[in-house]
Amino acid sequence: MRTTAGIADLFTPLETCIKDSFIPALIGPNTPPNIRVLCSLPARDGGLGIMIPTEQAAAEYDNSYQMTQPLKELILEQTLLISEKRSELLLWEAKGAKAAVLRVKRSAQNAEKEQARSLLTAFDQRLFEEISSRGASSWLTALPLVEHGFVLNKQQFRDGLLLRYNLPFEGIPSACACGKSNTLEHCLSCAIGGYVYLRHNNIRDLTANLLVEAGCKEVTVEPQLLPITGETFQFKSTITVNSARLDVSARSVWSDLDKVFTDIRVFNSLAPKNISQTLKNTIRRHEREKVLHYDARVVEVEKATFTPLVFSTTGVMGPRAEVFYKKLAELLAKKNRPYL
């Protein structure tokens, strides 16, 4: 593909196999015809990274030709020694060629993304916005680490794809046990069966385990807050009941002795109260609600800091959660590789 020009037609049998056999084997027999365009997008853009070889062959050859042009000219010169100035010039040309190729490639991917979006319904376009957001495709690109539960069997993987693209499931009742229709939106919100609590508790426990692994002190799951003894707060929304608990607390996260409290929320962005807003505004609203409930009490009574950890059901993190987990990753890196 990168070394020979004019061979796009030769990839037709491969594309036919991908479209008619491979993708249906991943998604199931109810694979819609327009899913091929979605699957060709990179994972970060809501796809699966399965390129369309008949459309990509010519571009791959042109990109390869452009990027190797400085090297080809050098080979044709048959020069044994290259001056330092010429070497720097060639390096600069190679970097420029690579940057130009990446710009063209990204522009083409954006065009394909808009083409894929135009084929979707209004509801699916909202879902597409979410699965194209940063973090929503991490489960497709993460290493399958057994100790963190990142290994999926074939049914779990297929279910993940069906949820990702709002496709019908096989072998499940049309009505939920609560009596409502078993739609994607309802499945992600219904509390019957305990899955809403499981997804919350899974993040809570993983966060606590990572804090322990990072060497943080006094890591506690569901710590009870100190009782209120006459304190008053600026906002009426502040939780003041003495039995209030948060999800995880720990010391030595932001600084050596500083204590941080976190509270986790996993929301369904496709729920009626969320779908009317953009994903960014929805995340901001959920973070603000957590802050209004707990921040003042944690700061003024606990003399600690509070960080809301907000996620959508597809794995998109809120900005405060991103900062928190980046810091946690930094602590893990320092402990596991102290020489860095």
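The values are calculated or read from the model by the stated rules, or taken from the named source; none is laboratory data. This one's a predicted model, so the numbers in the text were calculated from it and none came from an experiment. All Cβ positions, glycine included, derive from the backbone under ideal geometry; neighbour counts span all protein chains shown. Ligands, DNA and RNA are excluded from the accessible area calculation, which covers all protein heavy atoms including side chains. Shrake-Rupley method; radii C 1.70, N 1.55, O 1.52, S 1.80 Å.
At a glance:
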quantity: Subset tally (residues that are in a strand (DSSP E or B) and in contact with a Ser or Thr (Cβ under 9 Å, 6 or more places away or on another chain)) for the stretch 264-290; calculated: 3
quantity: Near pairs, Cβ below 6 angstrom, 6+ apart or cross-chain, from the stretch 10-22 (over 9 Å from Thr54 (Cα atoms)) to any residue that is in a helix (DSSP H, G or I); calculated: Lys19/Arg36
quantity: Number of positions in the stretch 118-159 that are surrounded by 14 or more Cβ atoms within 10 Å (Cβ to Cβ), modelled with pLDDT of 85 or more and not hydrophobic (A, V, I, L, M, F, W, C); calculated: 9
quantity: Of residues in the stretch 223-251 being out of contact with any helix residue (DSSP H, G or I) (no Cβ under 8 Å at 6 or more places or on another chain) and under 24 Å from Val323 (Cβ atoms), the one surrounded by the most Cβ atoms within 10 Å (Cβ to Cβ); calculated: Ser249
quantity: In the stretch 275-314, residue surrounded by the fewest Cβ atoms within 10 Å (Cβ to Cβ) [restricted to those that are of a type in the set (Val, Ile, Thr) and closer than 16 Å to Val248 by Cβ]; calculated: Thr305
quantity: Residues satisfying the stated conditions in the stretch 85-116, i.e. more than 13 Å from Asp45 (Cα to Cα) and acidic (Asp, Glu); calculated: Glu88, Glu93
quantity: Tally, over the stretch 259-279, of residues that are out of contact with any strand residue (DSSP E or B) (no Cβ under 8 Å at 6 or more places or on another chain) and either of a type in the set (S, T, N, Q) or modelled with pLDDT of 90 or more (or both); calculated: 3
quantity: Leading residue by the ranking (surrounded by the fewest Cβ atoms within 10 Å (Cβ to Cβ)) among those in the stretch 173-193 that are in contact with a helix residue (DSSP H, G or I) (Cβ under 9 Å, 6 or more places away or on another chain) and in a loop (DSSP other than H, G, I, E, B); calculated: Ala191
quantity: Ile7 vs. criteria under 25 Å from Thr141 (Cβ atoms) and either surrounded by 14 or more Cβ atoms within 10 Å (Cβ to Cβ) or among the basic types (Lys, Arg) (or both); calculated: no
quantity: Test result for Leu211, open to solvent by less than 60 Å² (accessible area, probe 1.4 Å) and closer than 25 Å to Val146 by Cα; calculated: yes
